[in-house]
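See structure below.
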Amino acid sequence: MITTPTPVALAVALLLAAPAAVWAQSAPAATAADADKTLKTVTVNASADASAQGLSPSYAGGQVARGGRAGILGTRDNMETPFSITAYTNELIQDKQARSVGEVLQNDPSVRVARGFGNFQESYYIRGFILNSDDVAYNGLYSLLPRQYIATELFERVEVLRGASAFLTGANPGGGGIGGAINLLPKRAPNEPLTRLTVGTGSGGYGTVAADIARRFGPDNATGVRVNAAVRDGGTAIDDEKNKLGLLAVGLDWHSRDVRLSGDIGFQDNRLKQTRTNVTLTSATVPAAPDASQNFAQPWSYSNERDVFGTLRGEWDINPGLTAWAAYGLRRGKEANSLANLTVSNASTGAASTYRFDNTRKDRVDTGELGLRGKLRTGSVGHEWVLAASQFEAEKDNAFAFDFANQLATNLFTPRQYALPAFSAGAGYGGSLASPNLTGRTRMTSFAIGDTLSLLEDRLLVTLGARQQQLKVETFAYGTAAPQAGYDQSRTSPAAGLVWKAGKQFSVYANYIEGLTQGDTAPATAGGQPVNNVGQALAPYVSKQKEIGLKYDGGRLGGGIALFSTTKPRAFVDASRIFQSGGKDEHTGVELSLQGEAMRGLRVLGGATWLDAKQKTTGAATTDGKRVIGVPRFQATFGVEWDVPGVPGLALDGRLLHTGSSYADAANTLNVPGWTRLDLGVRYLTEISGRAVTFRLRMENATDRNYWASVGGYPGSGYLVVGGPRAVGLSASVDF
């Protein structure tokens, strides 16, 4: 059990005391020169992935980086890669008071945050395809971070690689990754000592305390240590919701002239109580969104998750043109929850029902990678070649109990609460909740080779590569662990890309690349009804992507446009309640992006995405040619941050998010209205008693709009999630 100090009292005391201190020292802090000196950003130069390249430099405005990791190709400048990559910096994470990966990705116009199947897991729609949070990579390796929720104190940057990526990153073990990949970079000790304490509070009376401490030691400061610890506890802007989180992470790095090593170990304990659930529809129409602050969750519902994880990386420069690397990671996780998701049967009255559904789970993940990367020239042609091999193994122990026969009547608009019901005689069980057994094992091995050729005085870059992958998926019966259906298949995934540097400010690029992911696993229920082949894994999905685009870098302001088309096999539950694959989804779209400084003191970040996502060759007239569940035709995000003239250290920001309408069923009879949300923030950086202090105030959903924030989050399912109400967050960070 986590012991929580009194973060609310600390936050309130500091925030109330600050104004007097600010005024008392206003004279020395008022000049622009002093402000520039005081507000200087600490830069992390140590490499998270033990590479000689280190972190990609921040772009003008500091909200994104100039490039990011393109899988086994390493860190690349955006203008020199034939893929679309955005890396969001820790500066943006702090200034937006983002507490999870999903809150960071609210800034991305090609990503929308949803919720995973049946619980409170974050999911991400990238180019309209679903990626679950347990498919996020950590320092280049999959599935090492907590499955349900990843706190921002654990990472330095969030990198989004849009589009299929089997050659670059390998097959995604959880079935996602077709629309893109997410990689989180861990924190490293900066060149200067860092001791930062952050306290905060906000709507619902929650409190948070976080410490970020880093030092470098030894000759040439070759050894670095960075420790992050955080505690959060309290309510949310939603009535009666509770959240408690404890976190500790240690990052280490060391380098000599030719060798670089890094390692991380972390612990996260996340506990949710009476968190508002998903909403499934059996009604013929979509109900209006309920009051955003109202909670229809049952008081006994909860979800607990505890994880320990770690990584090791090393890189050795064998000679100036040849580098070898190795990496290993593991995670051990435990989960338990008691859920009561809502099923609405009458959209007009809000009449609904719920039932108890308990789960327990244990995870064991081990993964690693080996590689060689080199440079050479053959005549006038330059080569940056790479060879890599990877292995991944994950085992999961699962058990569940659901009491579908014991329905509890309630209402979406006027919820009814019950005491914890005992399981009835008609309840269904899968194993023992107290001792879940092995139900699934995934093993993947792969070998990749690639080369980027530099032609025409390095103005034309051509990338060619392929990855051969073996996917072995085994499923075992709940309760007995008897072997069930599985598969052992392999496939070679090719990739080709080119970049034409049309000038100092423009690059034209194109790519063809495939995706390979583990097939979906049949859930226990779909549409509020049991599935008859629960736990069965479908064969691997192969997706194919074609993309062309134009990138612009004006030095202070950058952007781009991309046109893409991606196909993927799809899954559905048939009339006999069997979960199976059939047909395909085809997503064709256009992306616009913009980032940087439009003028001195005015920073912009955002863009727009147009998507035509349709179901093809489904074999049913009711679904063929219809739009994919949960994918809007248009979505956009645009943020502006402004340094107030004449008040050094004061900045105001606003962010507008828009998501168009989408459908909650494959036949497109349930239309869910689109929504627009306004977020506002203010930041003030100053000096108090010689210490740099940053105050941040943020308001999300400033107009307090009621809306359905997402549709679906699991293939073939169209459940809804209510958007959060107006929420205010207040924090203060002090650098000692």
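Determine the gain in length on full extension of the stretch A496-A620; use 0.36 nm per residue of separation and subtract their C-alpha separation, reporting nm with one decimal.
Separation in residues times 0.36 nm, less the Cα-Cα distance, equals 41.1 nm.
Taking K and R as +1 and D and E as -1, what net charge do the other residues with C-beta under 10 Å from the C-beta of W316 add up to?
Charge balance near W316 sits at -2.
Residue by residue, what Karplus-based ³J(HN,Hα) values in Hz, rounded to whole numbers, does segment 469-484 have, using 6.51, -1.76 and 1.60 with θ = phi - 60° and x for Gly and Pro?
10, 10, 10, 10, 10, 10, 10, 10, 5, 4, x, 10, 6, 5, x, 10
Using θ = phi - 60° and the Karplus form 6.51 cos²θ - 1.76 cosθ + 1.60, what ³J(HN,Hα) does each residue of segment 714-728 get, whole Hz, x for Gly and Pro?
Computed from phi, the couplings for segment 714-728 are 9, x, x, 10, x, 5, 10, 10, 6, x, x, x, 4, 9, 10 Hz.
Scan around G180 for amide H atoms under 5 Å from its own, H built in the peptide plane at 1.01 Å from N, and keep only partners 5 or more places away or cross-chain.
G163
Per the helix-only calculation at 222 nm, which mean residue ellipticity applies to the chain, given -39500 (n - 2.57) for every DSSP H run of n ≥ 4 and division by its residues, nearest 500 deg cm²/dmol?
Theoretical 222 nm ellipticity from helices: -1500 deg cm²/dmol.
Note down the relative contact order for segment 216-266 as a percent, whole number, built from C-alpha pairs under 8 angstrom at least six residues apart.
With pairs under 8 Å counted, the relative contact order is 32 percent.
If you average the alpha carbon positions of segment 600-663 and of segment 496-567, how far apart do those two centres end up, in angstrom?
Using only Cα atoms, the two centres lie 17 Å from each other.
Can you compute the FRET efficiency between V508 and V728 using 1/(1 + (r/R0)^6), with r the Cβ-Cβ distance and R0 = 51 Å? Round to the nearest 0.05.
After rounding, the FRET efficiency stands at 0.70.
Over the chain, one equal point on each Cα, no solvent: what is log10 I(q)/I(0) by the Debye formula at q = 0.09 Å⁻¹?
Summing over Cα pairs of the chain leads to -0.80.
Are there any trypsin sites (Lys or Arg not before Pro) in segment 347-421 that are in a DSSP loop and have at most 16 other Cβ atoms within 10 Å? List them by number.
R416
Among the trypsin sites (Lys or Arg not before Pro) in segment 603-666, which ones are in a DSSP loop with at most 12 other Cβ atoms within 10 Å of the Cβ? Mind listing them?
none
So how far, in whole Å, is the C-alpha centre of segment 142-188 from the one of segment 695-736?
21
Please tell me the relative contact order of segment 519-639 in percent, rounded to the nearest whole number, where contacts are Cα pairs under 8 Å and at least six residues apart.
Relative contact order here is 18 percent.
Can you compute the FRET efficiency between R691 and N406 using 1/(1 + (r/R0)^6), with r the Cβ-Cβ distance and R0 = 60 Å? Round to the nearest 0.05.
0.55
Rounded to the nearest 0.05, what FRET efficiency is calculated for T703 and R257 with R0 set to 45 Å and r the Cβ-Cβ distance?
E(calc), rounded to 0.05, equals 0.20.
Per 0.36 nm of contour for each residue apart, how much would the distance between D317 and L456 grow if the chain were fully extended, relative to their Cα-Cα spacing?
Here the segment from D317 to L456 would lengthen by 47.2 nm.
State in Å² the accessible area per residue of the chain; use a 1.4 Å probe, count heavy atoms of protein chains only, and round to the nearest integer.
The answer is 38 Å² per residue.
To the nearest 10 square angstrom, what accessible area does Y355 show with a 1.4 Å probe?
20
I need the phi-derived Karplus couplings for segment 221-230: 6.51 cos²θ - 1.76 cosθ + 1.60, θ = phi - 60°, integer Hz, Gly and Pro marked x.
So the Karplus estimates, Gly and Pro as x, are 6, 6, 10, x, 10, 9, 10, 10, 9, 8 Hz.
Can you classify segment 555-624 as rounded, prolate or oblate using the Cα gyration tensor, where a ≥ b ≥ c are the square roots of its eigenvalues, rounded means a/c under 1.5, and otherwise it's prolate if a/b beats b/c and oblate if not?
prolate
Taking a 1.4 Å probe, which of H383, H658 shows the most accessible area, and what order do the others take after it?
Reading off the accessible areas and sorting them downward yields H658, H383.
Please list, ordered by chain and number, the residues whose modelled amide H lies under 5 Å from the amide H of Y59; skip anything fewer than 5 residues away on the same chain.
V64, A65, R66
Distance in nm between label sites at N671 and Y429, each 7 Å beyond Cα in the beta-carbon direction?
4.8
If you roll a 1.4 Å probe over segment 88-190 with all protein chains in place, what percent of the accessible area is carbon or sulfur?
43
So how strong a dipole does the chain carry about its Cα centre when Lys and Arg Cβ are +1 and Asp and Glu Cβ are -1, to the nearest 20 debye?
380
So, in nm, how far is label R306 from label I449 when the simple model puts each one 7 Å beyond its Cα toward the Cβ?
Result: 4.8 nm between the two label points.
Treat each spin label as a single point 7 Å out from the Cα along the C-beta direction, and report the A466 to A284 distance in nm.
Reported label-point gap for A466 and A284 is 5.6 nm.
Relative contact order, percent, of the chain when contacts are C-alpha pairs under 8 Å separated by at least 6 residues?
13 percent.
What is the local net charge at A214, summed over the other residues whose Cβ is closer than 12 Å to its Cβ (Lys, Arg +1; Asp, Glu -1)?
+1
The values are calculated or read from the model by the stated rules, or taken from the named source; none is laboratory data. Model, not experiment: these values are computed from the prediction. In this analysis, Cβ positions are derived from the backbone assuming ideal geometry, glycine residues included, and neighbour counts consider all displayed protein chains. Note: accessible area is taken over every heavy atom of the protein model, side chains too, but ligands, DNA and RNA are not part of it. Shrake-Rupley method; radii C 1.70, N 1.55, O 1.52, S 1.80 Å.
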